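Here it is, the structure, as structure tokens.
The values are calculated or read from the model by the stated rules, or taken from the named source; none is laboratory data. This structure is a prediction, so every number in the text was calculated from the model and none was measured. Please note: Cβ atoms are built from the backbone with ideal geometry, for glycine as well, and neighbour counts cover all protein chains shown. For accessibility, only protein heavy atoms count, side chains too; no ligands or nucleic acids. Shrake-Rupley method; radii C 1.70, N 1.55, O 1.52, S 1.80 Å.
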Amino acid sequence: MEDVFREAQNLLSNGRPFVIATVVGTKGSTPQKPGAKLLVREDGSGVGTLGGGCVEGDIWFAAKMLLRDGGGPTITDYELNEDIAAREGLVCGGTMYFLIDPVLEPETVQPTVSSIVDAYDGSPSVGVATLLKPAKGMGQIGDKICIDASGEAKGSLGDPARDAEAVEALRELIDYGRVKSLNTQDGAQVFLEGFTTPAAVVVAGGGHISKSLAPIVKMMGLRLHVVDDRPEFANKERFPEADSVVVADYAEGVKQLDIRPNTSVVVATRGHREDDRALEAAVRSPAGYVGLVGSRRKTILIYEELLKNGIPLERLQSVHAPVGLDIGAKTPEEIALSIVAEIVAFREGRSGKGMTMENRYLQRIAQKVGVPA
């Protein structure tokens, strides 16, 4: 989404109109999830994606018509039935819901877009609530309310009580860059989006596991920061993927970085003493995910020390230790894979358990084709 808003800012500075189409809901299996965006310029070119294929083509066409003929924000759905999926080479079938939002008067959205771009660049996070379905005759599709990290709100969804409800919900996701649908008490439907500095992984320790973590982290589109007190283990030659490399005491190095709730800290130093200091710095930070590489016995000993140093038990209960999903990992590469998988599961609020087809579905399939169950 970042490229969409950067291009929106560029167009706004030149007074050019555009349309932003956003996936605001899905059912079933779809090629994109809520929050995906496509910006369409007046010449028909675009930035971003809604999943490609006929879905994107049709929404693209609708956006161009809005730019040509004028009109306000609209909500449309697109059903990916079996015929469409087969024609497009997709193995999916579901329904996608889109907000097609024209920006024909650039000055109306300039402050919001600038705040979002600034948030990507490290300024305070921004939350935007957009009205998708008015209720009780109040508000219009596309109405917005924007809040910053302080909670100050600008704009309205058509009703003070609705505004307050949306702002409260935005506060829960603003620092994580998450999206969410909200059905308000008065029956309106609102789409919530948080915008913040891109998610990052901080690795305390430059050893074998960290070396294996680096390319996977970057492949996932996350920023990477490496901290080690040894210059030979903390340098750009060893970690060319890293956005930054800090040579410092582990605790001090972690403190130097801009750690936010959407930051993951992985402690993988060379020994117990270093792990102790790095983990204490990590749990004292606002990092949403903190993981410790090592045995259960080592974890217990470190926890005892941190509790003596005043770290709350509740904070230690949130630490992922031993770190990673239980996949039987043994090599540094396998351990790195299990760590990144756990980070993704945490970020998406998922359990990380296997997705094997449930037996009830297998029973139905067997019954349908006439195979004894």
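Please work out the FRET efficiency for the pair Lys154 and Glu241, using the Cβ-Cβ distance as r and a Förster radius of 35 Å; give the result to the nearest 0.05.
On the way: r = 38 Å, r/R0 = 1.09.
About 0.35, to the nearest 0.05.
In debye to the nearest 20, how big a dipole does region 107-205 give about its Cα centre with +1 on each Lys and Arg Cβ and -1 on each Asp and Glu Cβ?
Details: 8 positive and 14 negative charges, 61 e Å.
That gives region 107-205 a dipole magnitude of about 300 debye.
Heavy atoms only, 1.4 Å probe, whole protein assembly: order Tyr176, Tyr120 by accessible area, highest first.
Values: Tyr176 80, Tyr120 20 Å².
My answer, sorted largest first, is Tyr176, Tyr120.
So what is the accessible area of region 225-373 per residue, in Å², with the probe set to 1.4 Å? Write out the running numbers ahead of the final one.
Working: 8550 Å² over 149 residues.
Result: 57 Å² per residue.
When only the heavy atoms of the protein chains count and the probe is 1.4 Å, how do Phe5, Phe61 rank by accessible area, highest first?
Details: Phe5 15, Phe61 120 Å².
I get Phe61, Phe5, largest accessible area first.
Let me ask you something else. Straight-line reach only, C-alpha to C-alpha below 27 angstrom: list the lysines that Lys298 could link to, leaving out same-chain residues fewer than 8 apart.
Reachable lysines: Lys211, Lys255, Lys308, Lys330, Lys353.
Where the only charges are on Cβ atoms (+1 Lys, Arg; -1 Asp, Glu), what is the dipole of the chain about its Cα centre, to the nearest 20 debye?
Numbers: 41 positive and 51 negative charges, 214 e Å.
With only Lys, Arg, Asp and Glu charged at Cβ, the dipole is about 1020 debye.
Note the full-extension length gain between Asp121 and Leu362 as 0.36 nm times their separation in residues minus their Cα-Cα distance, in nm to one decimal. Working shown, then result.
Numbers: separation 241, 0.36 × 241 = 86.76 nm, distance 4.83 nm.
Residue separation times 0.36 nm, minus the Cα-Cα distance, leaves 81.9 nm.
Cβ under 13 Å from Thr299's Cβ, Thr299 left aside: what net charge do those residues give with Lys, Arg +1 and Asp, Glu -1? Can you show the working numbers first?
Numbers: positive: Arg296, Arg297, Lys298; negative: Asp275, Asp276, Glu304, Glu305.
Local charge sum for Thr299: -1.
Related question: Once you list every other residue whose beta carbon is under 14 Å from the beta carbon of Leu170, what net charge do they have if Lys and Arg are +1 and Asp and Glu are -1?
Details: positive: Lys144, Lys154, Arg162, Arg171, Arg178, Lys180; negative: Asp148, Glu152, Asp163, Glu165, Glu168, Glu172, Asp175, Glu193.
So the environment of Leu170 carries a net charge of -2.
Continuing with the same structure: Let me know the shape class of region 218-280, please: from the alpha-carbon gyration tensor, a ≥ b ≥ c as square roots of the eigenvalues, rounded when a/c is under 1.5, otherwise prolate if a/b is greater than b/c, or oblate. Write down the numbers at each step before the final one.
Numbers: a/c = 1.78, a/b = 1.18, b/c = 1.51.
Verdict is oblate for region 218-280.
Name the shape class, rounded, prolate or oblate, that the alpha-carbon gyration tensor gives for region 104-196, where a ≥ b ≥ c are the square roots of its eigenvalues, rounded holds for a/c under 1.5, and otherwise prolate holds if a/b is larger than b/c and oblate otherwise.
Details: a/c = 2.15, a/b = 1.42, b/c = 1.51.
Verdict is oblate for region 104-196.
Sticking with this structure for a sec: Heavy atoms only, probe 1.4 Å: what % of the accessible area of region 242-373 goes to carbon and sulfur, would you let me know? Please report the intermediate quantities before stating the final value.
Numbers: 4120 of 7670 Å².
Reported share for carbon and sulfur atoms: 54 percent.
So, one more: Leaving ligands and nucleic acids out of the surface, order Met1, Met219, Met96, Met355 by accessible area at 1.4 Å, largest first.
Numbers: Met1 75, Met219 145, Met96 0, Met355 180 Å².
Per-residue accessible area, sorted high to low, gives Met355, Met219, Met1, Met96.
I'd like the accessible area for Lys64: 1.4 Å probe, protein heavy atoms, all chains in place, Å² to the nearest 10.
The accessible area of Lys64 comes to roughly 80 Å².
Next question, about the same structure. Which order do peptides 327-340, 223-236 fall in by mean Cβ count within 10 Å, highest first?
Packing order, densest peptide first, comes out as 223-236, 327-340.
Here is a follow-up. For the ranges 309-316, 128-135, what's the packing order if you count other beta-carbon atoms within 10 Å of each residue, average per peptide, and put the highest first? If you can, show how the numbers build up before the last one.
Numbers: 309-316: 11.8, 128-135: 21.5.
Highest to lowest by the protection proxy: 128-135, 309-316.
Then there is this: Please give the direction-averaged projected area of the C-alpha convex hull for region 232-373, in square nanometres with one decimal. Let's see the in-between values first.
On the way: hull surface 48.5 nm².
If you wrap the Cα atoms of region 232-373 in a convex hull and average its projections, you get 12.1 nm².
Ignoring everything except DSSP H segments at least 4 long, calculate the 222 nm mean residue ellipticity for the chain; use -39,500 (n - 2.57) per segment, divide by total residues, nearest 500.
Details: 12 runs with 137 residues, N = 373.
Counting only the DSSP helices, I get -11000 deg cm²/dmol.
Once ligands and nucleic acids are excluded and a 1.4 Å probe is used, how much of Leu104 is accessible, expressed in Å² to the nearest 10?
For Leu104, the solvent-accessible surface is approximately 80 Å².
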